[in-house]
Amino acid sequence: MAKRKSDVGTLYRGSAGQWSWIAHRITGIAVILFLFAHVIDTAVIGWGPHAYDRVVRVYENWGVRLLELGLVAAVVYHAINGVKVMIFDFWPSTTKHFKALSIATTAIFVLAMIPISWIMGGQILDLALHRGT
Amino acid sequence: MATRTEPTTTTEPAAPRGVLGYRGRSERPAGGFELWAWLFMRISGIVLLVLAVGHVLIMHMPAGGVSRVNFGFVATRWENPIWRTWDWALLSLALVHGINGLRVIAQDYVRPAAWRFVVNTFFTVVGFLLFVLGTVIVFTFDPSKWPGVVK
């Protein structure tokens with residue numbers, strides 16, 4: 001009887017690959033859902049300054065900005081993990097170094113998020129403390 | 001000694017057939033539309049790595065972050081055709097990449113074919129409408145219709 005896929009040593013069940021696969025999906029869904037809203041809020045510019053400036057005022061809120069930090073993290077994670085997926089797809093022999101590459105992509109993501117969180121966190125605090133909600 | 005009842009393919013798993021067939025251990029589709037979709041996801045992914053990551057960093061990292069964004073900011077930015085092209089390319093590639101991603105996810109979680117068709121049709125229509133809306137706005141936006149707002 002042919003072995004089931006889960007028996008033949010994929011990069012998958014129970015390993016880091018499973019978690020990055022889930023994270024890739026979740027971040028992808030988050031980004032496309034935001035994109036739906038973002039195309040509409042940007043398109044409002046075609047209705048003039050009064051309408052557009054009113055719409056983008058929604059972003060002048062520390063809670064919304066916190067979600068935006070999450071959005072940036074999602075875009076950055078999806079991009080870096082996507083590169084890892086492509087490396088495995090186009091150069092299958094690199095799967096020998098699966099664990100090392102998974103650690104490397106996670107490290108790059110975390111390192112990238114340090115200055116991003118610092119800068120955006122400062123903007124969020126500024127908004128929360130000095131300009132109300 | 002046990003009688004051999006199975007064919008001789010016990011060491012290698014049989015390659016599953018169908019839309020998402022496997023080649024070896026890679027999950028690259030065997031051919032047809034799914035292979036093109038697979039390739040598109042990777043090529044657009046490389047381009048979006050620049051366009052989308054660049055976009056969020058350009059918008060959030062400089063002082064003021066997105067607090068800078070208002071009608072005047074966009075009008076000034078879109079005076080440069082490079083930014084209009086960037087934003088339009090980002091719009092198009094991200095929509096197709098994202099909606100194809102949703103289609104792949106629906107293959108896993110929306111099992112009844114009729115419901116999957118409904119879900120896929122819904123996102124395709126939403127994506128197409130947003131593509132048309134975004135394209136029209138990016139290329140027809142003219143701040144001189146509102147004189148005095150941009151110097």
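The values are calculated or read from the model by the stated rules, or taken from the named source; none is laboratory data. Worth saying up front: this structure is predicted, and the values here are computed from it rather than measured. In this analysis, Cβ positions are derived from the backbone assuming ideal geometry, glycine residues included, and neighbour counts consider all displayed protein chains. Please note that ligands, DNA and RNA were not included when accessible areas were found on the heavy atoms of the full protein model with its side chains. Shrake-Rupley method; radii C 1.70, N 1.55, O 1.52, S 1.80 Å.
Quick notes on this one:
- Scanning segment B:60-72 for residues that are within 9 Å of chain A (Cβ to nearest Cβ) and part of a helix (DSSP H, G or I), we see that the one that is farthest from A:Ile22 (Cα to Cα) is B:Gly72.
- Single residue of B:Arg4, B:Arg77 found to be among the basic types (Lys, Arg), modelled with pLDDT under 95 and open to solvent by 30 Å² or more (accessible area, probe 1.4 Å): B:Arg4
- Hits in segment A:58-95 - residues which are facing another protein chain (nearest Cβ under 8 Å), within 14 Å of the chain's Cα centre (by Cα) and open to solvent by less than 30 Å² (accessible area, probe 1.4 Å): A:Glu68, A:Leu71, A:Val72, A:Val75, A:Val76, A:Ala79, A:Gly82
- Taking segment B:109-143 as the range and being of a type in the set (Phe, Trp, Tyr) and exposed (fewer than 15 other Cβ atoms within 10 Å of the Cβ) as the test, the residues that pass are B:Tyr109, B:Trp115, B:Phe117, B:Phe122, B:Phe128, B:Phe139.
- Close contacts from segment A:42-66, counting a first residue that is assigned to a loop (DSSP other than H, G, I, E, B) and a second that is open to solvent by less than 40 Å² (accessible area, probe 1.4 Å) and among the polar types (S, T, N, Q), with Cβ to Cβ under 6 Å and a gap of 6+ residues or different chains, come to none at all.
- Checking A:Val55 against (1) in contact with an Asp or Glu (Cβ under 8 Å, 6 or more places away or on another chain); (2) within 9 Å of chain B (Cβ to nearest Cβ), the condition it does not meet: (2)
- Flag if B:Leu49 is facing chain A (nearest Cβ under 8 Å), assigned to a helix (DSSP H, G or I) and either without any contact (Cβ under 8 Å) to a residue 12 or more places away in the chain or surrounded by fewer than 16 Cβ atoms within 10 Å (Cβ to Cβ) (or both): yes
- Subset of segment A:1-51 (residues that are open to solvent by less than 60 Å² (accessible area, probe 1.4 Å), more than 7 Å from every other protein chain (Cβ to nearest Cβ), farther than 26 Å from A:Val76 by Cα and at pLDDT below 80): A:Ser6, A:Gly9
- B:Phe122 closer than 23 Å to B:Arg84 by Cβ and away from chain A (no Cβ under 11 Å): no
- Scanning segment A:96-118 for residues that are facing chain B (nearest Cβ under 9 Å) and surrounded by fewer than 17 Cβ atoms within 10 Å (Cβ to Cβ) gives a single hit, A:Pro115.
- The lone exception for B:Arg103 - which of (1) in contact (Cβ under 8 Å) with a residue 12 or more places away in the chain; (2) open to solvent by less than 40 Å² (accessible area, probe 1.4 Å); (3) closer than 20 Å to B:Gly45 by Cα it fails: (2)
- Pair list, Cβ under 7 Å, 6 or more apart: segment A:110-127 residue within 16 Å of B:Leu57 (Cβ to Cβ), other residue open to solvent by 30 Å² or more (accessible area, probe 1.4 Å): A:Ser117/A:Leu69; A:Ile119/B:Met61; A:Met120/A:Leu69
- The listed residue being of a type in the set (Phe, Trp, Tyr) and facing chain A (nearest Cβ under 8 Å), out of B:Trp88, B:Trp146, B:Trp115: B:Trp146
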